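Below is one structure, written out as structure tokens; the observations come after it.
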Amino acid sequence: MTIPATWKTILHRPEKGRPAIAIASALFTILLALLYLYQPVFFRFLDGKSYDTILISVPPDTAGTSDTPAIIDIDEKSLAKYGQWPWPRYRVALLLDRLIALGPASIGLDTVFAEPDRTSFAVLQKEIYRDLNITVPTEHVPLALMDNDKTLAATLTRGPCVLGYKFTFPEQKFSSNDCLLHPLNVAVIRNDAAETSRGHALFQAHDVICNLRPLAENAVSSGFFNVIPDDDGVLRRVPLLIEYNGKTYPSLALATLIQAKGAKQAYLKITSGGVESLSLNNTVVPLDAKGNLLIHYRGKGKTFQYFSAADILEGRVKKDQIQGRIVLLGTSAAGITDFHATPFDTVFPGVEVHATVIDNILKKDFFSRPSWIPGLELMLVITAGLFSALLLLRTDALWSLFFLGLGAVGLWQGSRWALHDLGIFISPVVPLIALGSNFSFVTLLKYWREEREKRARAKELMLTQDFTIRCLASLTECRDSETGGHILRTQRYVAAICGQLADHPKYSAALDSETIEHLYKSSTLHDIGKVGVPDHILLKPGKLTPEEFEEMKKHTTYGRDAIQRAEEKFGTGKNSEFLRLAKEIAYTHHEKWDGTGYPKKLKGEDIPLPGRIMALADVYDALICQRVYKPPFTHEESIALIVQLKGVLFDPDVVVAFLEVQEEFRNISIELADSEGHHEIV
């Protein structure tokens, strides 16, 4: 088969109702598109998880990590040597003095000194006197140890130290008005659309937990160390800029980098959608609408070079290991709660987050979501939804599933390629949801429609079956005029008895609703064998001779044989049960409970239940109707005779059921009477 012919085979599938399904699918796709625009929490959660999965799907390029950032770690070793954190500030000053002597380009302190050091001798002297009324002599204590904060402040003046602080966003106040912060010299560039919609693009801080003013005055710069995890608690982005009291302030990582590289001016680009980028010297840093940088993690924690603070204090680190590098002072010790969950690690040191940000900027190795990405994702949602619907409408399920699988792989691999090769995150989540859910939705619609068509076809088939049965029964009616009303009445009698017997525990399993329906319909064929009886016998007005009666008895065999031939041809599925019951009724409805019936002289429960039910219905109708050989019996006379023949001609259980519904029998006989005078007789 040629390729065009193959495609024609795949795509050519004419179906009824396709326009309606296509419209429903389009509306469903529009609903998904609106959900994407609304961005429910669940979608954001899946976006984050897909980003994590794609990020870790390729081993991180740790070889490409910048060697400029270095971390001075107040680790377990340092705490074991010098005691718990926070240390006295004279020791912090000593650590910074040793660091400064090693010649770093800048030092960022991932901590805040918001209150006076209570280990200073002057403070201890006052507290001991206040609490114990004891004056501690301090004349032999060196002046530098009397106030540790002054000692630290003096150290800060000697080096490129950048202090950290923390902005707060609730309305309550934390700081006094004595905070000294270092705003960023930033020029804001807005396009025309942004000018017409001026507003706060950056996060707006309400207050700040800041350093003691003497310390801030002696530091060269400062920056906030706030980080804002996503809703699922994973840290994927950090703010580089925050506004406070009308000024723009840098993060600790950004301030430390600027101090090292000497950037004099920064440029912040804002569009109508929010912040777009920050330019430093020749580096353009892509940011999201609120000024966040999407962090390009290099892997799990300890990716960068760590030096123990104890080794710095004890002089075991050489100058060439630190000189010219950007140094961050922080902690990775257990019990100090500066850890974050990242896509690679559930316990990632906060100080290494700052180091990663610095590394991303130095390497110009960014991940971003440009302002046009939501529009592209929206188009992917619509395209994926319509594509899946079109596939299912034009092809069968197997081909649809194959192409949908290709589409899903394409979306995922395309997103993976965009992140790792272009540094752009295009979320495949909602397009994949559109692809799968629209496929499921259209499949459900098609299944519902096909179920409706199937029920309609079944109904049509049932009507055809009823018509066929009625036609077959009419053959008997044409031969014997007395049979027409008889067929209709006995059909209703059988249904009445079956309904009553179905409540009996002995027969409830055998007489379910479907079986009763089959018995109701097949009972019309109980005398179909009479078409094989000669007219001079069938229509004889007088009593039959023994020979003629023997010929008449053959109608049960004729009926069975006719139905059996139909069963051999069509007896599959539901038809097989219907034909089996029709055959049993036609062949055994003249058998008697005591074994004196015909054609096989079956006795008791050897007679099939359909035959036993039909036998009573047939006899009752014969009794109450006028025949050429007898007058009609009344309803009460018929009941008395049937009760008399209980256990002789009739199954006792069937007789009991008949007595329960005998009034229904009377009403049926009146409703479907052969003559108008029948009502008075019954």
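For region 73-152, what is Rg from Cα atoms divided by 2.2 N^0.38 Å, rounded to two decimals? Kindly include the intermediate steps, with their values, before the conclusion.
Details: Rg = 15.0 Å, N = 80, 2.2 N^0.38 = 11.6 Å.
The reported ratio for this selection is 1.29.
What's the angle, to the nearest 10 degrees (0 to 90), between helix 574-588's Cα axis and the longest principal axis of the chain?
Taking Cα atoms only, the helix is inclined about 20 degrees.
Explain nothing, just the number: dipole magnitude of the chain about its Cα centre with +1 on each Lys and Arg Cβ and -1 on each Asp and Glu Cβ, in debye rounded to the nearest 20.
Numbers: 73 positive and 80 negative charges, 507 e Å.
The calculation lands at about 2440 debye.
Determine, for each peptide in 637-649, 207-219, the mean count of other beta carbons within 10 angstrom over its residues, then list the peptides with the highest first. List each step's numbers first, then the result.
Details: 637-649: 15.5, 207-219: 19.9.
Ranked from most to least packed, the peptides come out as 207-219, 637-649.
If you place +1 on the Cβ of every Lys and Arg and -1 on the Cβ of every Asp and Glu, how big does the dipole about the Cα centre of region 482-681 come out, in debye to the nearest 20?
Values: 24 positive and 33 negative charges, 123 e Å.
The dipole of region 482-681 has a size of about 600 debye.
Quick one: 589, 486, 635, fewest Cβ neighbours within 10 Å first, how do they rank? Could the numbers behind the result be given before it?
Details: 589 26, 486 22, 635 19.
Ordered by Cβ neighbours within 10 Å, fewest first: 635, 486, 589.
Can you list the lysines whose alpha carbon is less than 18 Å from that of residue 363, not counting same-chain residues fewer than 8 positions off?
Qualifying lysines at Cα under 18 Å: 261.
When the Kirkwood radius is taken over all Cα pairs of region 62-363, what Stokes-Einstein diffusion coefficient follows at 4 °C and 1.567 mPa s, in µm²/s?
This corresponds to a translational diffusion coefficient of 64 µm²/s.
Going by alpha carbons, how many degrees (0 to 90, nearest 10) lie between the helix axis of 662-671 and the longest principal axis of the chain?
Tilt of helix 662-671: around 70 degrees.
What is the set of long-range amide H partners of residue 207 at a cut-off below 5 Å, with H atoms built 1.01 Å from backbone N?
Amide H neighbours of residue 207, under 5 Å, 5+ apart: 168.
For every other residue with a beta carbon closer than 14 angstrom to the beta carbon of residue 164, add +1 if it is Lys or Arg and -1 if Asp or Glu, then tell me the sum.
Values: positive: 166; negative: 110, 338.
So the surrounding residues net to -1.
With both partners inside the chain, how many of the DSSP beta bridges are antiparallel, as a percent to the nearest 5? Could the numbers behind the result be given before it?
Numbers: 24 of 54 bridges.
Taking every DSSP beta bridge within the chain, about 45 percent pair in antiparallel fashion.
For the chain, just run the numbers: alpha carbon Rg, then divide by 2.2 N^0.38 Å, N being how many residues it has.
On the way: Rg = 47.5 Å, N = 682, 2.2 N^0.38 = 26.3 Å.
Cα Rg divided by the expected 2.2 N^0.38 Å: 1.81.
Rounded to the nearest 0.05, what FRET efficiency do residue 314 and residue 267 give with R0 = 35 Å and r taken as the Cβ-Cβ distance? Could you check? Before the final figure, lay out the partial values.
On the way: r = 44 Å, r/R0 = 1.26.
According to the calculation, E is roughly 0.20.
Could you tell me which residue out of 595, 581, 564 lies farthest along the dipole of region 557-618 toward its positive end? Charges go on the beta carbon: Lys and Arg +1, Asp and Glu -1, centred on the Cα centre.
So the residue we want is 564.
Give 569/600; 459/601; 77/166; 77/247 a once-over and call out the pairs whose C-alpha atoms are over 29 Å from each other.
Pairs exceeding the cut-off: 459/601; 77/247.
Run the simple label-point estimate for residue 39 and residue 626 please: 7 Å along Cα→C-beta, distance reported in nm.
9.1
Please work out the C-alpha center-to-center distance from region 637-673 to region 295-324 and express it in whole Å.
104
Taking H placed 1.01 Å from N in the peptide plane, check which residues at least 5 places from residue 108 or on another chain put their amide H under 5 Å from its amide H.
Here 162, 327, 328, 329 satisfy the definition.
How much length would be gained if the chain were fully extended between residue 540 and residue 76, taking 0.36 nm per residue of separation minus their Cα-Cα distance, in nm to one decimal? List each step's numbers first, then the result.
Numbers: separation 464, 0.36 × 464 = 167.04 nm, distance 11.76 nm.
Gain in length upon complete extension: 155.3 nm.
Grab the beta carbon distance between residue 157 and residue 230, set R0 = 56 Å, and tell me the FRET efficiency rounded to 0.05. Before the final figure, lay out the partial values.
Numbers: r = 40 Å, r/R0 = 0.71.
Computed FRET efficiency for residue 157 and residue 230: 0.90.
Given the peptides 376-387, 33-44, 402-413, arrange them by the average over their residues of other C-beta atoms within 10 Å, most packed first.
On the way: 376-387: 20.0, 33-44: 13.2, 402-413: 15.2.
Packing proxy ranking, top to bottom: 376-387, 402-413, 33-44.
May I ask which residue of 498, 613, 537 lies farthest towards the positive end of the charge dipole of region 482-681, with charges of +1 (Lys, Arg) and -1 (Asp, Glu) on Cβ and the Cα centre as origin?
537
Can you order the peptides 601-612, 126-137 by their average number of other Cβ atoms within 10 Å per residue, highest first?
Working: 601-612: 18.2, 126-137: 10.0.
For the peptides 601-612, 126-137, the packing ranking is 601-612, 126-137.
Which value does Rg/Rh take for region 290-359 over its C-alpha atoms, Rh per Kirkwood?
1.00
Where does helix 609-624 land angle-wise versus the long Cα axis of the chain, in degrees 0 to 90, nearest 10?
Approximately 50 degrees, to the nearest ten.
Please turn the phi angles of region 495-500 into ³J(HN,Hα) values with the Karplus equation 6.51 cos²θ - 1.76 cosθ + 1.60 (θ = phi - 60°), one per residue in order, whole Hz, x for glycine and proline.
Values per residue, Gly and Pro as x: 4, 5, 5, 4, x, 6 Hz.
Along Cα→Cβ, 7 Å out, is where each label goes; now give me the distance between the ones at residue 247 and residue 209 in nm to one decimal.
That separation, rounded to one decimal, is 2.1 nm.
Give the aspartates and glutamates whose C-alpha is closer than 16 Å to that of residue 540, dropping any in the same chain fewer than 8 places away, or say none.
477, 480, 482, 548, 550, 551
Pairs to check: 290/364; 150/300; 553/603; 506/630; 554/592. Give those whose C-alpha atoms are more than 27 Å from each other in this structure. The partial results should precede the final answer.
On the way: 290/364 20 Å; 150/300 39 Å; 553/603 17 Å; 506/630 37 Å; 554/592 16 Å.
Long pairs (Cα-Cα over 27 Å): 150/300; 506/630.
Go ahead and estimate [θ] at 222 nm for the chain from helices alone: -39,500 (n - 2.57) per DSSP H run with n ≥ 4, summed, over the residue count, rounded to 500.
Details: 27 runs with 346 residues, N = 682.
The helix contribution divided over the chain gives -16000 deg cm²/dmol.
Can you list the aspartates and glutamates whose alpha carbon is less than 13 Å from that of residue 646, not counting same-chain residues fewer than 8 positions off?
Residue 646 reaches 594.
Along the charge dipole of the chain, Cβ charges K/R +1 and D/E -1, which of 256, 322, 428 sits furthest on the positive end?
The residue sitting most towards the positive pole is 322.
Give me the one-decimal nm value for the distance between modelled label points at residue 640 and residue 399, 7 Å along each residue's Cα-to-Cβ direction.
7.8
Kindly provide the Kirkwood hydrodynamic radius of region 482-681 in Å, to one decimal, from all pairs of distinct alpha carbon atoms.
Values: mean 1/r = 0.0581 Å⁻¹.
Computed over Cα pairs of region 482-681, the Kirkwood hydrodynamic radius comes out at 17.2 Å.
Throughout, read-outs are computed from the coordinates displayed, never taken from laboratory work. Bear in mind the structure is a predicted one, so any value in this text is a computation, not a measurement. As a convention, Cβ positions derive from the backbone with ideal geometry for all residues, glycine included, and neighbour counts pool all protein chains shown.
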